[in-house]
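Here's the structure we're looking at; comments come further down.
The values are calculated or read from the model by the stated rules, or taken from the named source; none is laboratory data. Since we're looking at a predicted model, the values are computed, not measured. In this analysis, Cβ positions are derived from the backbone assuming ideal geometry, glycine residues included, and neighbour counts consider all displayed protein chains. Only protein heavy atoms, including side chains, enter the accessible area calculation; ligands, DNA and RNA are left aside. Shrake-Rupley method; radii C 1.70, N 1.55, O 1.52, S 1.80 Å.
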Amino acid sequence: MLVKFERDHTPDQVEAVCSKIASVEGLRPDVDIGAVHTIITVVGEINGRCETLMHQIQAMPGVAAAERIGRPYQLAARKDSSQHTVVDVGNGIEIGGGKLAIVAGPCSIESEEQLRTIAEGVSRAGAHILRGGAFKPRTNPRSFEGLKEDGLKMLRDIGGEFGMPTQTEVMEPGKVDVVADHADILQIGTRNMQNYDLLKAVGQTRKPVVLKRGMSAKIPEWLSAAEYILDGGNKNVILCERGIRTFDDTMTRNTADVAAIPVLKHESHLPTMFDPSHAVGKTRLVSDVALAGVAAGADSIHVEVHHKPEEALSDGQQSLRIDQFEALMQEIQIMEEARRRIVQMRQR
Ligand code: PEP
Ligand code: MN
């Protein structure tokens with residue numbers, strides 16, 4: 001159930017509704033105060049108790065409406081067209097605040113020198129967030145698995161040198177604390193989207209979490225995975241489309257589901273990220289598809305960059321060289337401006 005308030009409601013009226021909800025065993029209120037709305041989501045198993053409670057709340061002062069949500073992902077669901085979550089990732093950078101955020105860096109952190117060279121290049125080109133894998137989930141156990149804790153330290157130090165917030169993957173609940181101590185954004189990879197213990201563990205932190213879409217996940221399953229993180233009280237969730245399994249994997253690694261971006265905007269208030277690199281899997285396709293993500297309205301774009309892709313220990317085949325990334329950044333600016341103008345035209 002969802003409760004919307006009148007514009008001139010008072011904090012006491014919100015408090016009264018919260019107490020009413022909390023007085024029912026197994027239910028709790030989740031309050032979202034936006035610029036133009038206040039919404040309470042009733043979290044918990046509500047079946048069979050909804051009707052009476054809904055009518056009682058409808059009669060309370062300050063309440064504009066109390067209605068069913070009708071979707072299992074109660075917290076992730078969008079309740080109102082003006083409801084947008086903005087995630088503050090540090091150093092003045094936000095995801096979902098209206099300005100496109102660019103995440104760039106190597107697939108794997110390989111050495112201090114490698115990460116510094118790439119960080120310098122992407123920062124100069126205008127990227128906002130530095131990514132780099134320290135714990136790498138690999139399809140084959142004999143592939144490079146990352147520098148682990150040593151890589152985390154490099155990411156923290158080099159992100160700091162360039163004033164960039166950092167993003168890196170965490171693969172198991174037991175490593176959440178150490179990754180959260182070193183990085184600004186925790187990434188849940190496609191292979192772990194339904195690792196519920198891991199989702200619960202990152203839900204206990206208050207760090208921004210980039211939740212990548214499972215490679216075969218339907219959008220409702222993805223939003224339900226986000227619900228696990230939100231349920232722990234961590235509201236800083238960013239949904240990253242990274243391509244879904246394709247039947248024609250000779251041409252692209254995955255299918256870039258660009259449509260997922262507007263679908264998510266309709267279904268959820270959470271900000272979005274679009275990762276063309278893992279979607280297409282080939283360097284020469286990355287820039288065109290990145291621009292498609294911007295055109296579709298993604299709040300952030302995530303690109304793998306390497307100064308020497310031919311020597312990369314992972315995902316060199318889909319990494320942009322630094323000069324290619326610089327060119328993409330200029331193209332993104334043009335596309336971002338076009339997108340902004342289109343959104344303004346639609347609002348007229
Ligand atoms: C990555 O970001 O390097 C990665 C492994 O991504 P995904 O989980 O989308 O494959
Ligand atoms: Mn990668």
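Computed over protein heavy atoms with a 1.4 Å probe, the carbon and sulfur contribution to the accessible area of the range 199-348 reaches 53%. The distance between label points at residue 55 and residue 156 comes to 5.7 nm (points 7 Å beyond Cα on the Cα→Cβ vector). Once you reduce the range 330-348 and the range 262-323 to the center of their Cα atoms, the two points are 19 Å from each other. May I ask for log10 I(q)/I(0) of the range 262-348 at q = 0.15, 0.23, 0.24 Å⁻¹, from a Debye sum over the Cα atoms as equal point scatterers with solvent left out? Relative scattering, expressed as log10 I(q)/I(0), comes to -0.59, -1.09, -1.15. Helical content alone sets the calculated 222 nm signal of the chain at -11500 deg cm²/dmol, taking -39,500 (n - 2.57) per DSSP H segment of four or more residues and averaging over every residue. Structural size metrics of the range 53-104, computed from C-alpha coordinates, are Rg and Dmax of 16.6, 51 Å. Straight-line cross-link partners of residue 308 among the aspartates and glutamates, defined as a Cα under 13 Å from its Cα and at least 8 positions apart when in the same chain: 110, 113, 323.
Charge dipole (Cα centre; +1 on Lys/Arg Cβ, -1 on Asp/Glu Cβ; no other charges) of the range 207-255 amounts to roughly 160 debye. Computed over protein heavy atoms with a 1.4 Å probe, the accessible surface of the range 1-139 works out to 45 Å² per residue.
Among 112, 94, 227, determine the one that fluctuates most according to a GNM of the chain built with springs between C-alpha atoms less than 10 Å apart. Judging by the Gaussian network model, the answer is 112. One quarter of the surface of the convex hull around the alpha-carbon atoms of the chain equals 18.4 nm², the direction-averaged projected area. Of all DSSP bridge pairs formed entirely within the range 87-347, close to 15 percent run antiparallel. Send over a whole-number figure in Å² for the accessible area per residue of the range 174-215, probe 1.4 Å. Dividing the accessible area of the range 174-215 by its residue count gives 37 Å². As a length-normalised measure over Cα pairs under 8 Å and 6 or more apart, the relative contact order of the range 247-326 settles at 28 percent. Put a plus charge on the Cβ of each Lys and Arg, a minus charge on the Cβ of each Asp and Glu, and nothing anywhere else: the dipole of the range 87-347 about its Cα centre is then about 540 debye. Normalised by the number of residues in the chain, the average gap of Cα pairs under 8 Å and 6 or more apart makes the relative contact order 15 percent. Show which lysines lie in cross-link reach of residue 20 when reach means a straight Cα distance below 25 angstrom and same-chain residues fewer than eight apart are skipped. Those lysines meeting the cut-off are 4, 79, 235. So how far, in whole Å, is the C-alpha centre of the range 117-141 from the one of the range 50-91? Between the Cα centres of the range 117-141 and the range 50-91 lies a distance of 37 Å. Principal axis extents of the Cα atoms in the range 82-221, from largest to smallest and rounded to whole angstrom, are 47, 38, 25.
Residues whose amide H lies under 5 Å from that of residue 282, counting only those 5 or more places away or on a different chain, are 253; hydrogens are built 1.01 Å from N in the peptide plane.
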